[in-house]
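Encoded as structure tokens, the structure appears first; notes follow it.
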Amino acid sequence: MTNAKHFTLQEGDKPVSPRELTDVSARGEHAKSTHLQRERRRVYIGLPQWSHPKWVRLGITSLEEYARHFNCVEGNTTLYALPRAEIVQSWYAQTTDDFRFCFKFPATISHQAALRHCDSLTAEFFSRMAPLDQRIGQYWLQLPATFSPADLPALWQFLDGLPDAFSYGVEVRHPLFFEKGDAELQFNRGLHERGVNRVILDSRPVHSAIAHSEAIIDAQRKKPKVPVHAVVTANHPMVRFIGSDNMAQNRELFAVWLKALPKWSQTTTPFLFLHTPDIAQTPELVETLWTRLRDVLPEIGPAPAIPQQNSLF
């Protein structure tokens, strides 16, 4: 059963009001303007990864093939390991300057080091990813549930030490960041002052699904069950929509984003990443949602022309 308390999209009743978000720091303004100088206004839509064994039959056999259909990718791979230099060069060779990578900071930084005493790890990460500098949508931290409001000073110190050349995002999971109290107020205000995006996780579909498959059970165990606070703190809001294997349910729960994304796109450059419990099924989710997305965001164009799409399902 879905717990309504945990699955209400909260956009209008924000922990930080627009009036409270007017005092932006110099660093935040600089980060925004620098990044937007090379980023024309648009909406980016992609998947959490660019390959899957079952996508081979769809004609998606590489990053190059994936990039013909989508203009960005979430980039989970860097959370688990730093790619070899030659691999990063191959990613550059397989994409164009219109493509955007949204890589996670390595877990060695966000989890093991907990953002502390990790200057050398951070410098190594940026150095390794340097060939893709002009194709970075944003770098983002996926912080563990153990990261609490008491750890905010470490977050601010880490963010303040990052290069101004990129856009950044932060996803939190500790429940106090979703209770609309002082902790969330401080978190949202701190991000806004630095021009950093609050990454928005919408896991309502997967946690509303009937647990009838191993993929659903595994996703319900791993994906955080947190409220959806649709708060824009910077110029590149990122929405991670964790769908289920029930496309009718996905369509219904996605309706709120058909209102939010067009509104945000008037003043920001949003990123939307579509997930399913079994990643092999994400092309079906794209097909399910694209027509309605295009109705409200005509600039995204026709749905990805993935060959033999129906052969997967």
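Overview of results
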quantity	calculated
The listed residue being open to solvent by 20 Å² or more (accessible area, probe 1.4 Å) and part of a loop (DSSP other than H, G, I, E, B), out of 255, 303, 248	303
Single residue of segment 180-218 satisfying the filter (among the basic types (Lys, Arg) and closer than 29 Å to residue 244 by Cβ) that is surrounded by the most Cβ atoms within 10 Å (Cβ to Cβ)	204
Some residue of segment 16-36 being in a loop (DSSP other than H, G, I, E, B) and either among the basic types (Lys, Arg) or at pLDDT 50 or above (or both)	no
Residue selected from segment 131-152 under the condition in contact (Cβ under 8 Å) with a residue 12 or more places away in the chain and among the aliphatic types (A, V, I, L, M), by the criterion surrounded by the fewest Cβ atoms within 10 Å (Cβ to Cβ)	145
Residue in segment 60-76 that is among the β-branched types (Val, Ile, Thr) and touching a Gly at 6+ places or on another chain (Cβ under 7 Å) present	yes
Test for residue 260: is it over 15 Å from the mean Cα position of the chain (by Cα), open to solvent by 20 Å² or more (accessible area, probe 1.4 Å) and under 19 Å from residue 46 (Cα atoms)	no
Hits in segment 141-169 (condition: within 17 Å of residue 224 (Cα to Cα) and out of contact with any Lys or Arg (no Cβ under 6 Å at 6 or more places or on another chain))	141, 143, 144, 146, 147, 148
Enumerated helices (runs of 4 or more DSSP H) restricted to segment 139-231, each holding at least 1 residues that are acidic (Asp, Glu) and within 26 Å of residue 280 (Cβ to Cβ)	214-222
Filtered residues of segment 232-245 (kept if out of contact with any His (no Cβ under 8 Å at 6 or more places or on another chain), of a type in the set (Val, Ile, Thr) and in a strand (DSSP E or B))	239
Of the criteria (1) open to solvent by 30 Å² or more (accessible area, probe 1.4 Å); (2) touching a residue at least 40 places away in the same chain (Cβ under 8 Å), which one residue 230 fails	(1)
Pairs where the first residue, in segment 153-174, is open to solvent by 50 Å² or more (accessible area, probe 1.4 Å) and of a type in the set (Gly, Ala, Ser) and the second is assigned to a loop (DSSP other than H, G, I, E, B) and at pLDDT 95 or above, C-beta under 7 Å, 6+ apart	none
Lone qualifier among 221, 294 - being under 29 Å from residue 152 (Cβ atoms), more than 19 Å from the chain's Cα centre (by Cα) and surrounded by fewer than 19 Cβ atoms within 10 Å (Cβ to Cβ)	221
Residue list for segment 135-155, restricted to those being under 20 Å from the mean Cα position of the chain (by Cα) and not β-branched (Val, Ile, Thr)	135, 137, 138, 139, 140, 141, 142, 143, 144, 145, 147, 155
Helices (runs of 4 or more DSSP H) completely within segment 47-120 that count 3 or more residues being touching a helix residue (DSSP H, G or I) at 6+ places or on another chain (Cβ under 9 Å) and within 21 Å of residue 199 (Cβ to Cβ)	77-80
Matching residues, segment 278-300, being at pLDDT below 95 and in a loop (DSSP other than H, G, I, E, B)	278
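Each row is one residue, and each column tells you yes or no for (1) of a type in the set (A, V, I, L, M, F, W, C); (2) within 26 Å of residue 261 (Cα to Cα).
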residue: 132; (1), (2): yes, no
residue: 135; (1), (2): no, yes
residue: 178; (1), (2): yes, yes
residue: 187; (1), (2): yes, yes
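The values are calculated or read from the model by the stated rules, or taken from the named source; none is laboratory data. Note that this is a predicted model, so its numbers are computed, not measured. Methodologically, a virtual Cβ is constructed for each residue, glycine included, from the backbone with ideal geometry; neighbour enumeration extends over all protein chains shown. Protein only, heavy atoms only, side chains kept; ligands, DNA and RNA dropped before computing areas. Shrake-Rupley method; radii C 1.70, N 1.55, O 1.52, S 1.80 Å.
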